[in-house]
Amino acid sequence: MAEENDNAAVEPQVHAASASRRDRARHTVTTDAVKTKTSAPARVARTPRSARSIRKPLRSLVILTMVGGLVATVAIPAYAATTRMPVADAQTLQQIASDDAQSLVVASDATATTLTRDSYSATTEEEINKKKAAEAAAAAAAARARAQAAASSASASVPVDINLVSPGTGEVRWPILNFKKGRGLGDSGYHQGVDLLAPGGTPLYAAAAGVVRTSQESYGGYGVAVVIDHVVGGQRVSTLYGHMTYGSRQVVAGQSVEAGQVIGLVGSTGSSTANHLHFEVRVNNGLVDPWAWLVANAG
């Protein structure tokens, strides 16, 4: 019986305490109720899933917003630039960068150049051959013009009778008359002949009968020159006549000539600084002193 009394005595106190708590709960704010409710174990388990489900769409929204911002940052200025400049008002890079001093200087110094066929060199073998042929033709034309001018000048200053022959009856004749002896064989360096000085246009004669081996307007350093092969005293002899006047040659290669026959006129072509005849003699293909040979054989 004592136990029942004790339980009866305790129960009113519990109900009273519960009633007082319910009264206080009615006067608490809504946030306290939420806190009280969220403190339950079942509600705590459901709350993280709800937060994650909210954060995922929010993150996607933020990413899409950032991508859209980047696209707008690039596309809008480009679109504005293209719509702002009409096609008719197109500008060069130098004009757009007119505020840049270096670009402006380069643009101002640039000049328009019209490319032509002559503005670059030939690159193919065919073009190179054509160019060489054209240059050779031009050089030949220039040489003919110089020869004609020199011949006209020589003829005007020194009358020449091309029918003259070197005087004498010997097998060997003097190749020039009325001259002054200049350098001889080996004088003043490697000199292979004798220089016989005379005015331009003075006649030159074949030193002996023979056959013309060479007759050219340009024969190396000899300039206009003639080479004749002879047989004198049973020996093979060749004579060379260099620095003749352009266009004055009276013989051609393969032609037979007589001793004392006019073959050309004195000039100053090739490696020459004054009018003179450069005369060389070879006997049996060996170089000899031409002055001594003339003195011993001409008559």
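The values are calculated or read from the model by the stated rules, or taken from the named source; none is laboratory data. As the structure is a prediction and not an experimental result, all values here were calculated from the model. Methodologically, a virtual Cβ is constructed for each residue, glycine included, from the backbone with ideal geometry; neighbour enumeration extends over all protein chains shown. Keep in mind that these areas ignore ligands, DNA and RNA; they rest on the heavy atoms of the full protein, side chains included. Shrake-Rupley method; radii C 1.70, N 1.55, O 1.52, S 1.80 Å.
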For this session: Kindly report, to the nearest 10 Å², the accessible surface of THR65 as traced by a 1.4 Å probe over protein heavy atoms only.
Result: 90
Seminar exercise, completed: Ranking ARG183, ARG173, ARG249 from most to least accessible area with a 1.4 Å probe gives ARG183, ARG249, ARG173
For this session: From largest accessible area down, sort TYR190, TYR219, TYR246; use a 1.4 Å probe on the protein chains.
Result: TYR190, TYR219, TYR246
Exercise. Taking all protein chains as present, what is the carbon and sulfur share of the accessible area of region 214-299, in % to the nearest whole number, probe 1.4 Å?
Worked result: 47
Exercise. Region 187-290: percent of C-alpha pairs farther apart than 22 Å?
Worked result: 23
Exercise. Short version: ³J(HN,Hα) in whole Hz for each residue of region 242-251, in order, from phi by Karplus 6.51 cos²θ - 1.76 cosθ + 1.60 (θ = phi - 60°), x for Gly and Pro, what are they?
Worked result: x, 6, 5, 6, 4, x, 9, 5, 10, 9
Exercise. Using the Cβ atoms and a cut-off under 12 Å, what net charge is assigned to the surroundings of THR124, where Lys and Arg are +1 and Asp and Glu are -1?
Worked result: -1
For this session: Grab the beta carbon distance between ALA292 and LYS132, set R0 = 41 Å, and tell me the FRET efficiency rounded to 0.05.
Result: 0.40
Exercise. How big is the C-alpha Rg of region 214-255 next to the rule-of-thumb value 2.2 N^0.38 Å, as a ratio?
Worked result: 1.23
